[in-house]
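The values are calculated or read from the model by the stated rules, or taken from the named source; none is laboratory data. Because the structure is a prediction, the values reported are computed rather than measured. Reconstructed Cβ throughout: ideal geometry from the backbone, glycine too, with neighbour counts over all protein chains shown. Please note that ligands, DNA and RNA were not included when accessible areas were found on the heavy atoms of the full protein model with its side chains. Shrake-Rupley method; radii C 1.70, N 1.55, O 1.52, S 1.80 Å.
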Amino acid sequence: MLFNSNAFYVFLPVVFAAYWVIPAKRRWIILLVSSYYFYMSWNVKYVALILLTTVVSYGTALLMERTESRKKKKFYMAAALVISLGVLFFFKYFNFLSSSLRSFLEKFAIPVHEVTLNLLLPVGISFYTFQTLSYVIDVYRGEAKACRHFGKYATFIAFFPQLVAGPIERTRNLLPQIEKEHSFDCEKAIYGAKMIAWGFFKKVAIADTVAPYVDVIYNDAGHYTGLPLLMATGLFTFQIYCDFSGYSDIALGVAKLLDIDLMTNFKSPYFAASIRDFWSRWHISLSTWFRDYVYIPLGGNRRGTWRTRLNLIVTFLLSGLWHGANWTYVIWGLIHGAGQAVEKEWDRRFPPKGKRHSWGRVLLTFLFVCFAWIFFRANSLSDAGYVLSHIFDGISDPVRYFLDGYQAYRMAGVAQSSNMQTLLICGACILALLFHDFVELRTGFWTWMGKYQKPVRYGIYFLLLFMVLYSRQPGEYEFVYFQF
């Protein structure tokens, strides 16, 4: 069930009403039932997978807490990691590893029959697997207590707003909220509704609007040069941000309707002044997960300069692989890891003078992120290489660069008057997004909005609603991160 589907528009009010009508002690039941129904709406069969990881992590935590033996605790934790990661590997990486191994061996003239499985990737498996892993590791470290109530623990893992695309919640934040009794908070519900509206604006008015144009170019990249490639890359930069952060905003807003606070997943990332700063603002729940469970255990920055750089690169390689079973994602992760390593070394040798958050650094970081997105969006490494080698073809003659690009768009059907009008309106929406993020950096957008009188505020709310309704495309567009 998609957030932007008619089914969800019925589902959410029903859950909201049922949640607040029944006694507080039983509200977790509504969350559990609705979460499993939400997940089963994609494929009933894959409920067995989330139930398996839930049972394994729940039982493992109890076993670890009941034993004093360090060896046994380590064994139980290792077993849980092997089972959970094994399920993730089987569904997400088996075919990738098989085809990569075959290609590698063929280079040495070793014939190998490729073994692939016709499997549908379960929605959200990367997200809920990491959530169960963090729970098991936290209990092993003594940073969290094992949950005794299986129903409430299952609700913590399957909580529907963040189940299929995050944020990846930590035990200490979400589980206590599932366990406690809630009372309705009108102010929090209103704030949640605002976040939902803003999330839909980003998803529908921007991400879904530019997606067809990005797909036309990137799915047939070899037929384009110059401006179309540059435009498609720029549009994808905002598509991926609005699609994913839009989902997170909706998830946070829905949770607030239920008096539950999820962690913030995005903080104006395109205003970051360094690659490190970008990752403190982008997909925060994942970047902090890798920091706490991969980077720091590898040694973090405690084992010398070069080991620190290596730890960064390894962490981001794994982060890239987490995003998808394709070498394009691995290279994307490597670019970000290597970029941070170089950035650290540069700042060590040439400490920045004056303000670290200068607009020059913001621009350079943004261009670096756009460059890396080429690998993230390209269908293959060869496509990514083609885009990089042809994106500036003819730019020495700016007029010809623009005219040839416009002609290519006409041939692709993008430059029709109605389509160009849609893109121009979408451009205005992107400017509104950047204004929102700039204000969010300083005072918080909704706090800033509170300074104005009701006519101004409600005028903006209705404008957001109008843009969502005006921009909505026929059909239901999945969220990009569902594939991860």
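Give me the compactness ratio for the chain, meaning the Cα radius of gyration over 2.2 N^0.38 Å.
Numbers: Rg = 23.6 Å, N = 484, 2.2 N^0.38 = 23.0 Å.
Cα-based Rg divided by the globular estimate yields 1.02.
Between rounded, prolate and oblate, where does the range 247-296 land on the alpha carbon gyration tensor, with a ≥ b ≥ c its root eigenvalues, rounded for a/c under 1.5, else prolate if a/b exceeds b/c? Since a/c reaches 1.5 but b/c is at least a/b, the shape of the range 247-296 is classed as oblate. Between residue 141 and residue 293, the contour length at 0.36 nm per residue exceeds the alpha carbon distance by 53.6 nm.
The relative contact order of the range 1-154 comes to 29 percent, based on Cα pairs under 8 Å that sit 6 or more residues apart. Viscosity 1.002 mPa s, temperature 20 °C: give me the Stokes-Einstein translational D for the range 159-225 in µm²/s, with Rh taken as the Kirkwood radius over C-alpha pairs. So the translational diffusion coefficient is about 137 µm²/s.
Farthest toward the positive end of the dipole of the chain, out of 166, 234, 381, is the Cα of 166, where the dipole comes from beta carbon charges about the Cα centre. For the range 169-247, which whole percent of the accessible surface, found with a 1.4 angstrom probe, sits on carbon and sulfur atoms? It is 58 percent, rounded to a whole number.
With +1 assigned to the C-beta of every Lys and Arg and -1 to the C-beta of every Asp and Glu, and no other charges, what is the dipole magnitude of the range 192-310 about the Cα centre in debye, to the nearest 20? Please list the in-between numbers first.
Details: 12 positive and 9 negative charges, 147 e Å.
It works out to roughly 700 debye.
Working from label points 7 Å from Cα in the Cα-to-Cβ sense, the residue 97 to residue 370 distance is 3.9 nm.
The magnitude of the dipole of the chain, with charges of +1 and -1 set on the Cβ of Lys/Arg and Asp/Glu and taken from the Cα centre, is near 1860 debye. Residues of the range 288-307 with an amide N closer than 18 Å to a point placed 7 Å from the Cα of residue 347 along the Cα-to-Cβ direction: 288, 291-292, 295-296, 300-307. Accessible surface calculations at 1.4 Å, restricted to protein heavy atoms, place the range 217-363 at 40 Å² per residue.
Once the piece of chain linking residue 462 and residue 215 is laid out straight, how much longer is it, given 0.36 nm per residue of separation minus the C-alpha distance between them?
Details: separation 247, 0.36 × 247 = 88.92 nm, distance 3.05 nm.
Residue separation times 0.36 nm, minus the Cα-Cα distance, leaves 85.9 nm.
A simple packing score, the average count of other Cβ atoms within 10 Å per residue, orders the peptides 265-277, 80-92 as 265-277, 80-92, with the highest score first. Extension gain, residue 381-residue 305: 0.36 nm per intervening residue step, less the Cα-Cα distance, totals 24.3 nm.
Counting only Cβ charges, +1 for Lys and Arg and -1 for Asp and Glu, the dipole size of the range 36-84 around its Cα centre is about 260 debye. What does the C-alpha gyration tensor say about the overall shape of the range 1-144? Classify as rounded when a/c is under 1.5, otherwise prolate if a/b is larger than b/c, or oblate. Since a/c reaches 1.5 but b/c is at least a/b, the shape of the range 1-144 is classed as oblate. Size estimate for the range 299-415 follows the Kirkwood approach: the inverse of mean 1/r over distinct Cα pairs works out to 16.8 Å. Pop the C-beta distance of residue 82 and residue 223 into the FRET formula with R0 = 56 Å and round what comes out to the nearest 0.05. The formula returns an efficiency of 0.75 here.
Between residue 68 and residue 434, the modelled label-to-label distance comes to 6.4 nm, taking each label 7 Å out from Cα in the direction of the beta carbon. Placing pseudo-labels 7 Å out from each Cα toward the beta carbon at residue 41 and residue 193 gives an inter-label distance of 2.1 nm.
Once C-alpha pairs closer than 8 Å and six or more residues apart are averaged by separation and normalised to the residue number of the chain, the relative contact order reads 18 percent.
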